[in-house]
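Notes for the one structure printed next.
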Amino acid sequence: MKLRVLRNVRHNEEVEVTLPSIITWNNDKSRMVSDFRALNTYTIPDRYPIPRVHETSTQLSHARSINSMDSLKGFHQNVLTPHARKLLRIISHCGTYEYLRMPFGIENSPSHYQKMMNTIFPHELSEG
């Protein structure tokens, strides 16, 4: 809520919701995940090309210098449309919430993220 990834909404019987789960890693950090498999069955896949690790490694092997960037919470940098928000609702004992930003687990999240990166960094990504 503090990061503006989710917002509380009134429960609406007409909209499908999913239950979130909490995953705890070995380092005792945890994160909330949602199971969007039912929604993904209705999603038309966006077959946008995502670079292969081998191809990227080959391009980098010829570079004189390499820069890296950590895209903090990358998927959460994508703001959702009002229509998408209604499809991405979760429910818990605290209420009903909708995602304001793209969560993990959505069929087209990786391709949408790659499109965003290609739009922002067209020259940097094509030059290798």
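Any residue at all in the range 59-75 that's at pLDDT 85 or above and small (G, A, S)? Before you say what the answer is, go through the steps one by one.
Looking only at the range 59-75, we keep the residues that are at pLDDT 85 or above, and these are none.
Scanning the range 59-75, I find no residue that is at pLDDT 85 or above and small (G, A, S), so the answer is no.
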**Close pairs (9 angstrom Cβ cut-off, 6 or more residues apart or separate chains): of a type in the set (S, T, N, Q) in the range 100-117, part of a helix (DSSP H, G or I) anywhere** = N108/N40; S109/F75
**Message:** If I go through the range 52-70 residue by residue, how many of them are touching a residue at least 12 places away in the same chain (Cβ under 8 Å) and either among the small types (G, A, S) or closer than 20 Å to R4 by Cβ (or both)?
**Reply:** 1
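For the range 94-128, how many residues are of a type in the set (V, I, T) and not in a helix (DSSP H, G or I)?
2
Might you let me know whether the range 81-96 holds any residue that is among the aliphatic types (A, V, I, L, M), within 22 Å of P122 (Cβ to Cβ) and without any contact (Cβ under 8 Å) to a residue 40 or more places away in the chain?
no
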**Request:** Output the residues belonging to the range 81-95 that are more than 19 Å from the chain's Cα centre (by Cα) and small (G, A, S).
**Result:** S92, G95
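Out of everything in the range 35-93 that is in a loop (DSSP other than H, G, I, E, B) and of a type in the set (F, W, Y), what residue ends up being surrounded by the most Cβ atoms within 10 Å (Cβ to Cβ)? I'd like the intermediate steps shown before the answer.
Taking the range 35-93 first, the residues in a loop (DSSP other than H, G, I, E, B) are 35-36, 41-52, 62-73, 78, 80-81, 88, 93.
Adding the requirement that they be of a type in the set (F, W, Y) leaves 36, 42, 48.
Working: F36: 20, Y42: 8, Y48: 13.
Across the range 35-93, the extreme among qualifying residues is F36.
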**Asked** Taking the range 96-122 on its own, how many of its residues are under 21 Å from V9 (Cα atoms) and more than 17 Å from the chain's Cα centre (by Cα)?
**Response** 1
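The values are calculated or read from the model by the stated rules, or taken from the named source; none is laboratory data. In this text the structure is predicted, and so the values were computed from the model without any measurement. We place every Cβ from the backbone using ideal geometry, glycine too, and count neighbours over all the protein chains shown.
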